[in-house]
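Asker: Right, I'll just put the structure down here and ask away after.
The values are calculated or read from the model by the stated rules, or taken from the named source; none is laboratory data. Values in this document were obtained by computation on a predicted structure and should not be read as measured data. Because the Cβ atoms are built from the backbone with ideal geometry, glycine has one as well, and the counts that use them run over all protein chains shown.
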Amino acid sequence: MASGRIGFIGLGAMGGNMARRLASLGFTVTGYDPSATNAKRSGDAGVKIVESPAAAADGADFVLSSVPDPAAIRKSYLGPDGVLTRVREGMILIDLSTIDPATWREVAAAAAKHGVECLDAPVSGGPADAGSGKLLFLIGGEASVLERARPVIEALGPTINHVGPLGTGLIVKLVNNVMSVCNVVVAAEAMVLGVKAGIAPQALYDMLKDSGGRSHHFNKRFPNVLADDFAPYFSINLSRKDIGLALDMAAQLGVPMLAAGAVKQVYEAARAAGLGGEDMAAVTKLYEAWAGVKVRAKQ
């Protein structure tokens, strides 16, 4: 039996896979999600399901969270049924979400009054990685707290980067996601341009995937575009949220973000076009509509 009782807040595509993996490894996992469908899926896989974040935290040694945005974090930890109503001295709270550093530092300050330590631990990787223990972690917090939490974190991924003090993992994550969402928009523009100019979509991709202009997300996502697969591995809505958080941080620091600001408007347009629930690569559909072409392989 793995050591440690875990409360898990957020059992969606990422959090659910992580919670189920921990349960399969022998950890005692108690989980909460506002979606009955998400909760049932994890409950069927050995996670004890409860009705509130507070109940998930009750008796836990570690509380992990994977939720969509800062508002969900505040509600889950600081709300009337939040985690901090049931914490005890010596617990460790680990947030795996992509949020702004200020929100998690606010939670950590409130937790410290109860003798509770916190780590920010945003991840790189998708749902399949979350379920197979192959996530990469960016950790902000005290090294001694990380060492106490290491067995839990290593169960979810072998690559642990201790960035620095609390909040610094989230800073690196937001910087990474700016690069990712911008790369996808540039790739969409470029692919549509090439197709409009007369190059067959599959042939264009086959040449670009090994070219100097390629990126990780081009090679990962554009085979799905060619196949007309826009399942939300990372959605337009989440992309819009993350680049918005990065732009807010930049504004607070007085850092101009000209390219990121323009890219944010592309994601706003995609959401307004009803594409919010589709994968981030669905921004291609906007450019297709504007140019009057389709970036699809021949069926």
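Asker: Of these, 277, 194, which one is farther than 30 Å from residue 67 by Cα and of a type in the set (Gly, Ala, Ser)?
Answerer: 194
Asker: Pairs under 9 Å by beta carbon, first residue modelled with pLDDT under 95 and of a type outside the set (Lys, Arg) in region 256-283, partner part of a helix (DSSP H, G or I) and surrounded by 13 or more Cβ atoms within 10 Å (Cβ to Cβ), six or more apart or different chains?
Answerer: none
Asker: Restricting to region 155-194, name every residue that is over 20 Å from residue 245 (Cα atoms), under 15 Å from the mean Cα position of the chain (by Cα) and free of Cβ contacts under 8 Å to residues at least 40 places away in the same chain.
Answerer: Scanning region 155-194 gives a single hit, 157.
Asker: Working only within region 100-141, note down all residues that are of a type in the set (Lys, Arg) and over 19 Å from the mean Cα position of the chain (by Cα).
Answerer: Matches in region 100-141: 113 only.
Asker: Separate question: Of the residues 251, 246, 259, 227, which single one is under 17 Å from residue 180 (Cβ atoms), over 17 Å from the mean Cα position of the chain (by Cα) and small (Gly, Ala, Ser)? Before the answer, list the steps.
Answerer: On the way: 251 fails: under 17 Å from residue 180 (Cβ atoms); 246 fails: over 17 Å from the mean Cα position of the chain (by Cα); 227 fails: under 17 Å from residue 180 (Cβ atoms).
Criteria check complete, one pass: 259.
Asker: Could you please give the count of residues in region 49-89 that are part of a helix (DSSP H, G or I) and not charged (D, E, K, R)?
Answerer: Residues flagged as part of a helix (DSSP H, G or I) and not charged (D, E, K, R) within region 49-89 amount to 15.
Each row is one residue, and each column tells you yes or no for (1) buried (at least 21 other Cβ atoms within 10 Å of the Cβ); (2) assigned by TED's automatic domain parsing to the domain that holds residue 71; (3) touching a residue at least 40 places away in the same chain (Cβ under 8 Å).
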| residue | (1), (2), (3) |
| --- | --- |
| 207 | no, no, no |
| 211 | no, no, no |
| 218 | yes, no, no |
| 222 | yes, no, yes |
| 244 | no, no, no |
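Asker: While we're looking at this one, here's another question. Sort through 143, 188 and tell me the only one that's in contact with a helix residue (DSSP H, G or I) (Cβ under 7 Å, 6 or more places away or on another chain) and not β-branched (Val, Ile, Thr). Full working, then the answer.
Answerer: Working: 143 fails: in contact with a helix residue (DSSP H, G or I) (Cβ under 7 Å, 6 or more places away or on another chain).
Answer to the check: 188.
Asker: State all residues of region 27-48 that are surrounded by fewer than 22 Cβ atoms within 10 Å (Cβ to Cβ) and assigned to a helix (DSSP H, G or I); if no residue qualifies, say none.
Answerer: 36, 37, 38, 39, 40, 41, 43
Asker: Would you confirm, using the coordinates I've provided, whether residue 164 is buried (at least 19 other Cβ atoms within 10 Å of the Cβ) and on the phi > 0 side of the Ramachandran plot? Show your work before the answer.
Answerer: Working: buried (at least 19 other Cβ atoms within 10 Å of the Cβ): no; on the phi > 0 side of the Ramachandran plot: yes.
Judged against the criteria, residue 164 is not a match.
Asker: So which residues in region 280-299 are surrounded by fewer than 22 Cβ atoms within 10 Å (Cβ to Cβ) and not aliphatic (A, V, I, L, M), if there are any at all?
Answerer: Within region 280-299, 285, 287, 288, 290, 292, 294, 296, 298, 299 qualify.
Asker: Another question about this same structure. Would you tally the residues in region 4-40 being under 19 Å from the mean Cα position of the chain (by Cα) and hydroxyl-bearing (Ser, Thr, Tyr)?
Answerer: 2
Asker: From 11, 22, grab the single residue that is assigned to a helix (DSSP H, G or I), of a type in the set (A, V, I, L, M) and touching a strand residue (DSSP E or B) at 6+ places or on another chain (Cβ under 6 Å).
Answerer: Testing whether each residue is assigned to a helix (DSSP H, G or I), of a type in the set (A, V, I, L, M) and touching a strand residue (DSSP E or B) at 6+ places or on another chain (Cβ under 6 Å) leaves just 22.
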